[in-house]
Amino acid sequence: MALTRHGDRATQLLWRPMRSEALKHRSTRRMLFAQINQGAAGWMQTTAGSWYVLTEAGSTTALSFFVIASMTPSLFLNPVGGRLMQSYSPVAMVKVLAPLAALAPLLIAGLYATGTLSIPLLFALTVIGASFRALQAPTFAKILPLTVPKSQRAAVLGYSAIAFNVSRSVGPVIAGIAGTGLAYLLSGVGFLIVAAIMFVTPLGSAQSTPTTTGPSASHSAAPKGSSFRHALRLMWNITAVRILFLCVVVFYLVSGSIHQLLAAVAKDTSTTSLALGALYACAAIGAILTNRPVLRYLDNNGHRTRLLSIVIVAAALTVVAFGFSSGLIFDMALMVILGALGEAMYLVVQRSILLELDEADSGAIFGLFLAILTGASILGSIGLGLLMDAVGVRSGLVTLGVVTLVIAVPLILLVTRASSKPQQASTDD
């Protein structure tokens, strides 16, 4: 026991300099800055678009259709992006896709400025822009670890999570202040900046076409260039991954739907899009505050099943509390909590896929994770949007929270029993 504690302490002492060493690489700093730009650009579109649709249509069901338009491409194209990274350089993909992703928001900004933007036209252009973003989405998860030595990859993934949260705090606030037209214009410029960074930054091995590494112990027959179908088989055959994805579905049915329909919550207590930006920013603040404690917990071999169970139950209780809230300040506090829970869930999934699975499979499986996350968010948004129109915003949130609590009980029992099987087997041996 003393040796275990000493080992954990040694890991903690090494972690801090390892984190600072990761940021000494100029290519790493540039990629993190590019990730912030890309994330902020996407969140500007989410904030500006959802507020525009809700204001013009006055219906959460219409807002749900905007969610479908903006997220459905990710459902189908995130796995394709992950699969493409098995054959093409992720850097080359960003160089091509980032400028293409800039076209739709720039066109929307022009239409808004001339007074010719309509909701159907916004939906169509949103689908086009989201398609390019979806293909590009898995790339930074693959590029960033390749900018540092293997010993620093866990640290740089932690910084990647921080960069994501910085982007989703900055982007919505900028959109809330700028308004619809300027927000879309700045979003397009953001994607062009990402492309420019890629062209001027030498990235060495990250620019080469990936090669398949040797088979891992967990799945010794991994084929060259893991396919989407192979990723599905791995997800189903590896118990830990299957449990992980089951928790992801339940969590993002709840958390994802609230994030996508947050404009309805903001409009319930405020009349400006800045309130929506503030709520998104609070979620990011919660995630930033949670990042380091969760990483420390995972580095010390913390019990992931217990953490996932706590996250799901806490999310359900937070949603119920949302339903009884009547002011923006309390809503902001609850978004801090929801953001913290989302960060814990994301870090567990990110660490499990990108650091513990075979490198030849990680890209496709991470793309599959993004697709499942997106699908759960879309389904949850449709259901919650219809529910809010039927019974009201706050009553809909209470109902969602109660239903999630009912689902969480058998889910936690299932997850706990499944995670204890390997331990029982090792005990018998």
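Distance between the 7 Å Cα→Cβ label points at Leu103 and Arg26: 3.3 nm. Once the C-beta distance of Thr271 and Val249 is scaled by a Förster radius of 45 Å, the resulting FRET efficiency is 0.80 to the nearest 0.05.
Every read-out reported here was derived from the displayed coordinates using simple, explicitly stated rules and does not represent laboratory data. Quick caveat, the model's predicted, so the values are computed rather than measured. Cβ coordinates were reconstructed from backbone atoms using ideal geometry, including for glycine residues, and neighbour counts include every protein chain displayed.
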